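Taking it in order: structure first as structure tokens, then the write-up.
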Amino acid sequence: MDALDEIYNALSVRVFNYARTIVKSKELSEDITHDVFLQMLNIAPRLAVIKNPVAYIMVITRNRAYDYLRQSKCSTTTLDEAFEAGITPSPFSVLPDALSRLPANQRETVYLYHICGFTQKEIAKIMCVPLVTVKWRCRKAKQQLQEYFQSGEEAQPHVSI
């Protein structure tokens, strides 16, 4: 139980953020995080023989998130609606808008690479795609983000609540 507690403390934020990258909903991300760590409790004895338990947990998170997406539709709101609801966005609110314009698979790749710090090879295993696909997604996402920021686009971002 102590080892599971350590895993939870070390990875719960990363699991939550990765789930939120996919489902774009705080509530669903919390549910997914809960489900992932309940599953860890069930498979705890097998974790010792898994080569990369962090990558394994991220695969479970990804699978759970897509299961939730298939089961329900995530609600999003525009930035204007967020202001009306009294939610004050951070000065970096343009970043979620920029990332939201990326296809889901590129957004996931960017999150795993830049936020979680996985190597491209590890991402390929997590996402069950060839390494060349991960490299292409990283390169394409970088190009699209550069174009977005260079264009100075003022579109309304979608902020998940």
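Taking 7 Å steps out from each Cα toward its Cβ at Ser151 and Arg139 produces label points 2.2 nm apart. Per-residue extension of 0.36 nm, minus the Cα-Cα distance of Thr119 and Asn42, leaves a gain of 24.9 nm for this segment.
Quick note: the coordinates plus some simple rules give every number you see, no bench work behind them. The structure displayed is predicted, hence computed values, not measured ones. Cβ: placed from backbone, ideal geometry, glycine included. Neighbour counts: every protein chain shown.
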